[in-house]
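**Student:** Pasting a structure below so you can have a look.
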Amino acid sequence: MSIELNHISCSYPGGAQESVTVFDDFSLHIADGEFIGIMGHTGCGKTTLLQLMAGLIAPSGGEVLINGEDINKAGYDRSILRRSVGIVFQYPEYQLFETTVEKDVAFGLKHSGLSRAEVRERVIWALTLMGFSYENIRTRSPLTLSGGEKRRVAIAGVLAVKPDILMFDEPIAGLDPQNRTAFLELAAQLNRQGTTVIIVSHNADALAESVCRLIVMDRGRTVMDGTPNSVFADPVRMQELHLGVSTPRAIADMLAKRGIPIAPDIIRYEELLLELRMNLKAR
Amino acid sequence: MNTMPSGQYITGTSMLHRLDARGKLICMFVLLTAVILTSTLWGYIFIIAVTAALMLFSALPAAALFTPLRRLWLFFTVIFLMNALFFDGNAPLCSWWIFHITAAGLSQGAQVVLRVLLVVLLSNILTCTTRPMELTGALESLLKPLKLFRIPVEDIAMILSVAIQFIPTLSEEADMIKKAQTARGARFESRRLTDKAASVAPLVVPIFLSAFRRADELSMAMEARGYRNAGSRTKKDRHALHLPDYLALTASMMICAASVFIF
Amino acid sequence: MNQMSYVKRSILTAVCIALCVVLPMAFHAIPNAGSIYCPMHIPVLLCGLIAGWPFGLLCGLAGPLLSSLLTGMPATAYLPIMMMELALYGLLTGLFMQLIHTRKIYVDLYISLVISLLAGRVLAGIARALIFAPGSYSISAWATGYFITCLPGLVIQLALVPTIVFALEKARLIPVRYPVEEG
């Protein structure tokens, strides 16, 4: 499903203080099936952007179109939105509340109209995808699981709805390297199956490894938008925005400074390795 | 994002804004006593005049003071009618079924409404001219004499200040949880009474879990650093009251005395 | 639930007081939430049940006071009665949890909750009648009226509060009352 944001303005009421403007005439188009990463300094509006696209907050001006339909228009059926857009917040484990894992994962399917067997099938699918054995975990309390398990159960709860658009807010923060790789593989797999995936992250390495299009935001504006290779090709600009480039890119820059000729669009370890091998051969 | 609710406070530089919060709080209690003890017509007129003068001094927009009253109109009507219709007095002006309208009942109803009105207006003036933090600080220091009754005032003060510090974090977290559950398709409304509890559980249970998690972390950190209880700690000395504060206190006491003894 | 340290009880109380301000704001968008769910009651009841009566009492007094100062709700006119009612809840739930030990946490919770909620509502109803309608015809009519309008809230609290207590026990955020029962 495609997402279109047209001329969005959005501000937070600041109570007694004056309100804070996050977006002013902001536009963004995301096509069906894209794999997108969003980077930006804290407070640049990333989380607000996700919440706008998920219809959790309404813009004060402009329109948000999901699959061509204005989601904030009166008369729009919100249950369609809930089924088509899934969002995993930064600490998804905090949203667990049911008495068993099975019930918690099935929570989002309550109003879906699916039969009991279909719901069970979805729950099994989502839990298996997150690396659990359904039979072993279904009757356990989600509250007694370990931190990492809790997070995976919470993500399973979002996946079970099978949304066409999946958004993750800082999904890798606090994950160990093994879980990080597993998560990125999962995101790529879902994207290959046709899901539009959007990842908000500070982690340049993870984004370089996974996404196809990288959007860099600063104070409510898109300042860079392109393939990760083209975005990270400008480390000076990234530094101005207080953002880092991926580690392989940084290494490549250091090598280039010492006079080793190296392509400016290298962002992944594999590419770096390949380039270095070619260099060695050329000598 | 600062989500600390600012209450009704309206920034300003009026005389009332500048007075010490402790002084203002005492003045308020004294004036409230006057409102409650008055029972004559002239007494009420006097206090209405005082309230009007305070509103002028506060330089607050009238809307800020009167808007909260709008919510109470039904309440005012009900109290007035309750007293007017059911007051057990002699010589009813007119009677119908169980209703007896008496002069005493009418005046009782009017008095109750007027008292509540004055109480609300006076407390509005206080909360509009004083920051919530200053007010809680003032309450804290006025509670100190309770120590004589072996009430651990310092511990209570610590609990209150921790509570206030928790409010912005917890309200941000509550907001996030609400959004996360909404995105998962939660519906927080339900028609059937038995379902109502179940429909807010996805909101309330995680809010308590995350609040108690924070409490757990903080209390462990405090115990790890050897915190017992407030007992021996000394608090930074507050500023002394100044001349205008004393003048305000004297004035409000005189107003109270006048409304009780003269009118 | 008596193995908690004084510091932990204090901080739990602080958090419950903060929730007295936060929960009504979170419930704000749900229609009629204030009158049906009485969101401020929940933290006070929990505070009494978990931290004991002195803390429950403090939470019941400070919660509505702070909320009124910071958010303007409850309105000043209702504040004293609300403080009284909630203080009673906090006090009574704490006392009954201390007195009743049936070896079944469900039973303890429900008995404490039912008695405190009923007593608190009756007394608050009477207080309301005394303060707002002095000399009015029938105090008992007022008290009954108040009592009946609050019954739906009572049912919801009876369902919700134990759920939260169990969740907190499961998450090991509060000590388990009868450890042997587990498993």
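The values are calculated or read from the model by the stated rules, or taken from the named source; none is laboratory data. Just so it is clear, the structure is predicted and the values come from calculations on it, not from any experiment. Here the Cβ positions follow ideal geometry from the backbone for every residue, glycine too, while neighbour counts run over all protein chains shown. Surface areas here come from the heavy atoms of the whole protein model, side chains and all, with no ligands, DNA or RNA. Shrake-Rupley method; radii C 1.70, N 1.55, O 1.52, S 1.80 Å.
**Student:** Non-local amide H neighbours of A:Ser9 (under 5 Å, H modeled in plane, Pro and chain starts lacking H): which ones?
**Tutor:** Under 5 Å from the amide H of A:Ser9 lie the amide H atoms of A:Asp25, A:Phe26, A:Ser60, A:Gly61, A:Gly62, each far enough along the sequence or on another chain.
**Student:** Going down the list A:Lys110/A:Lys150; A:Lys150/C:Lys8; A:Lys46/B:Lys196; A:Lys110/B:Lys196; B:Lys178/C:Lys8; A:Lys162/B:Lys178, which pairs span over 23 Å between their C-alpha atoms?
**Tutor:** Beyond 23 Å: A:Lys150/C:Lys8; A:Lys46/B:Lys196; B:Lys178/C:Lys8.
**Student:** For chain A, set up a GNM with springs between Cα atoms under 10 Å and report which of A:Asn179, A:Asn136, A:Asn191 has the largest fluctuation.
**Tutor:** A:Asn136
**Student:** What does the extension gain come out to for A:Arg116 and A:Asp176, with contour length at 0.36 nm per residue minus their alpha carbon separation?
**Tutor:** 18.0 nm
**Student:** Let me ask you something else. Using a 1.4 angstrom probe on the protein heavy atoms only, line up B:Thr127, B:Thr40 by accessible area, largest first.
**Tutor:** B:Thr40, B:Thr127
**Student:** Mind checking C:162-170 for the average number of partner chain beta-carbons within 10 Å of each residue's beta-carbon?
**Tutor:** 6
**Student:** In nm, give the distance between the simple-model label positions of A:Asp77 and C:Gln98, each being 7 Å from the Cα along the Cα-to-Cβ direction.
**Tutor:** In this crude spin-label approximation the distance works out to 5.7 nm.
**Student:** Give me the extension gain from B:Glu134 to B:Thr67: residue separation times 0.36 nm, minus the current Cα-Cα distance, reported in nm with one decimal.
**Tutor:** 21.8 nm
**Student:** Let me ask another. Measuring from label point to label point, each 7 Å out along Cα→Cβ, what is the A:Leu276 to A:Val20 span in nm?
**Tutor:** Placing both labels 7 Å along Cα→Cβ, they lie 4.2 nm apart.
**Student:** OK, next. Could you tell me the center-to-center distance, by alpha carbons, between region A:224-283 and region B:202-226 in angstrom?
**Tutor:** Here the two parts' Cα centres lie 44 Å apart.
**Student:** Which lysines does A:Lys281 reach when only Cα atoms under 29 Å apart count, and residues fewer than 8 places away in its own chain are ignored?
**Tutor:** Cα-Cα hits under 29 Å: A:Lys257.
**Student:** How high is the relative contact order of chain A, given as a whole-number percent (alpha carbon pairs under 8 Å, six or more residues apart)?
**Tutor:** Once normalised by length, the contact order is 22 percent.
**Student:** Ok, one more. Over chain A, what percent of the accessible surface lies on carbon and sulfur atoms, probe 1.4 Å?
**Tutor:** About 51 percent, which is the carbon plus sulfur part of the accessible surface.
**Student:** For region A:3-245, report the % of Cα-Cα distances exceeding 28 Å.
**Tutor:** More than 28 Å apart: 35 percent of the Cα pairs in region A:3-245.
**Student:** If you average the alpha carbon positions of region B:123-201 and of region A:90-133, how far apart do those two centres end up, in angstrom?
**Tutor:** Using only Cα atoms to place each centre, the spacing works out to 33 Å.
**Student:** Show me the three semi-axes of the equivalent ellipsoid for the protein assembly as shown, from the C-alpha gyration tensor (sqrt of 5 times each eigenvalue), largest first, rounded to whole Å.
**Tutor:** Ellipsoid half-lengths, sorted descending, are 54, 31, 26 Å.
**Student:** Next question. To the nearest 10 Å², what's A:Cys10's accessible area with a 1.4 Å probe?
**Tutor:** Taking all protein chains as shown, A:Cys10 has close to 10 Å².
**Student:** List the residues whose amide H sits under 5 Å from the amide H of A:Ile87, counting only those 5 or more places along or on another chain, with H placed 1.01 Å from N in the peptide plane.
**Tutor:** Distant-sequence amide H within range of A:Ile87: A:Met167.
**Student:** Shifting gears a bit: Working out 0.36 nm times the residue gap between B:Leu241 and B:Met15, then minus their Cα-Cα distance, what length gain in nm do you get to one decimal?
**Tutor:** Extra length from B:Leu241 to B:Met15 when fully extended: 79.9 nm.
**Student:** A follow-up question, please. Straight-line reach from B:Lys24: which lysines have Cα under 23 Å away, leaving out those fewer than 8 places along the same chain?
**Tutor:** Qualifying lysines at Cα under 23 Å: B:Lys144, B:Lys147, B:Lys235, B:Lys236.
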